[in-house]
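Note sheet for the following structure.
The values are calculated or read from the model by the stated rules, or taken from the named source; none is laboratory data. No experiment lies behind these values; they were computed from the predicted model shown. Here the Cβ positions follow ideal geometry from the backbone for every residue, glycine too, while neighbour counts run over all protein chains shown. Note: areas computed on protein heavy atoms with side chains; ligands, DNA, RNA excluded. Shrake-Rupley method; radii C 1.70, N 1.55, O 1.52, S 1.80 Å.
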Amino acid sequence: MDALRHSDAIRRFRRLAVMHQGDATVWKTGLLISLALTTIANAASAQDMSKLPDGEITRSGRYSAWLVGPTNIYAHGALGDAIEAGGFVIEQNGSRLLFRLPADQVFEDRRVRLADVDGDGSPEALIVRADLTRGASLVLYKIKEDSIELMAESEPIGQRNRWLNPVGIADFSGSGELLAAAVVTPHLSGSLRFYRIEGKRLVNLGGIDGVTNHINGSRDLDLSHVADLDGDGSMEIVLPSLDRTRLVAVSVRQGHAKIEMEWQVPSPIQRMSPASDGTVELELANGQRPIVELQK
């Protein structure tokens, strides 16, 4: 029984207690049950609001967001442990909104990405949601004044324990249209895909295979970087090849993704640290820390 159903039961038993105030036994029984259900409901609510242990707080203007409701029902472990989130919280000016998933889904993520996708001046929330049987999908939520609603979602990968890692939301094509980008199965095929909002769907527009932005079991979600490398107004994505022995820059030209630049490295890339001067420092498996100049 979830917290809302607990609340309904509490109200019913309280009404019962009031109706039977003259009958001491019924009144006491109703009162005790009401108190017990209140305790359970409060515990359930506290669990709903409990932060994900390895989760992050993200901010955009007056909005803050974080994942809540730790659960081990999925047990995939792509992010280093078997604990995922059952919901997320949006905080605005001290007021909090809670969104909870049904029992057959989790947020297989560490953060809620906040970005104004529809241009209304307030951010939307982008998160990785995993279905217990159909695997991960990219999901976008609309944050309203008093509620959080599903805005658009991609098709699930189609198999349990199959994950994707978002890259970001940006104008990747130079058309002015914001697209979402993610690497689907970054530990297997490494498919960089671009998504457009069409109604309630995030439609897969295609992309390029053989790249990655995550190491299996790592908590680091940032093995990619978005920047306009050539100053043409469209954003490129810099990320490792699937074997992590090359750093590549991917662009979208006339609707097609292609590798514009690449840099060979002597050992697999473990970590990336972009700098404001157009360079990125790499941490390699052999301990080296080369700095790569990204600008053309």
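Pick from the stretch 118-138 the residues that are more than 19 Å from residue 63 (Cα to Cα) and among the β-branched types (Val, Ile, Thr): which of them is surrounded by the fewest Cβ atoms within 10 Å (Cβ to Cβ)?
The first filter runs over the stretch 118-138 and keeps only residues more than 19 Å from residue 63 (Cα to Cα), leaving 128-138.
Going one step further and asking which of them are among the β-branched types (Val, Ile, Thr), we end up with 128, 133.
Values: 128: 24, 133: 11.
For the stretch 118-138, the residue satisfying everything is 133.
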- Task: Would you point out which residue out of 65, 78 is in contact with a Phe, Trp or Tyr (Cβ under 7 Å, 6 or more places away or on another chain), in contact (Cβ under 8 Å) with a residue 60 or more places away in the chain and part of a strand (DSSP E or B)?
- Result: 65
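What residue, of 252, 238, is buried (at least 20 other Cβ atoms within 10 Å of the Cβ) and modelled with pLDDT of 95 or more? Explain how you work it out, then say what you get.
On the way: 252 fails: modelled with pLDDT of 95 or more.
Result: 238 is the single residue among 252, 238 that is buried (at least 20 other Cβ atoms within 10 Å of the Cβ) and modelled with pLDDT of 95 or more.
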- Item | Test set (1) open to solvent by 50 Å² or more (accessible area, probe 1.4 Å); (2) over 14 Å from residue 166 (Cα atoms) - residue 228 fails condition number | (1)
- Query: Can you tell me which residues in the stretch 286-296 are of a type in the set (A, V, I, L, M, F, W, C) and open to solvent by less than 60 Å² (accessible area, probe 1.4 Å)?
  - Reply: 292, 294
- State whether the residues of the stretch 92-102 include one that is open to solvent by 40 Å² or more (accessible area, probe 1.4 Å), of a type in the set (A, V, I, L, M) and either modelled with pLDDT of 95 or more or on the phi < 0 side of the Ramachandran plot (or both). yes
- Note on the structure: residue 275 vs (1) open to solvent by 60 Å² or more (accessible area, probe 1.4 Å); (2) out of contact with any Ser or Thr (no Cβ under 6 Å at 6 or more places or on another chain): all pass except (1)
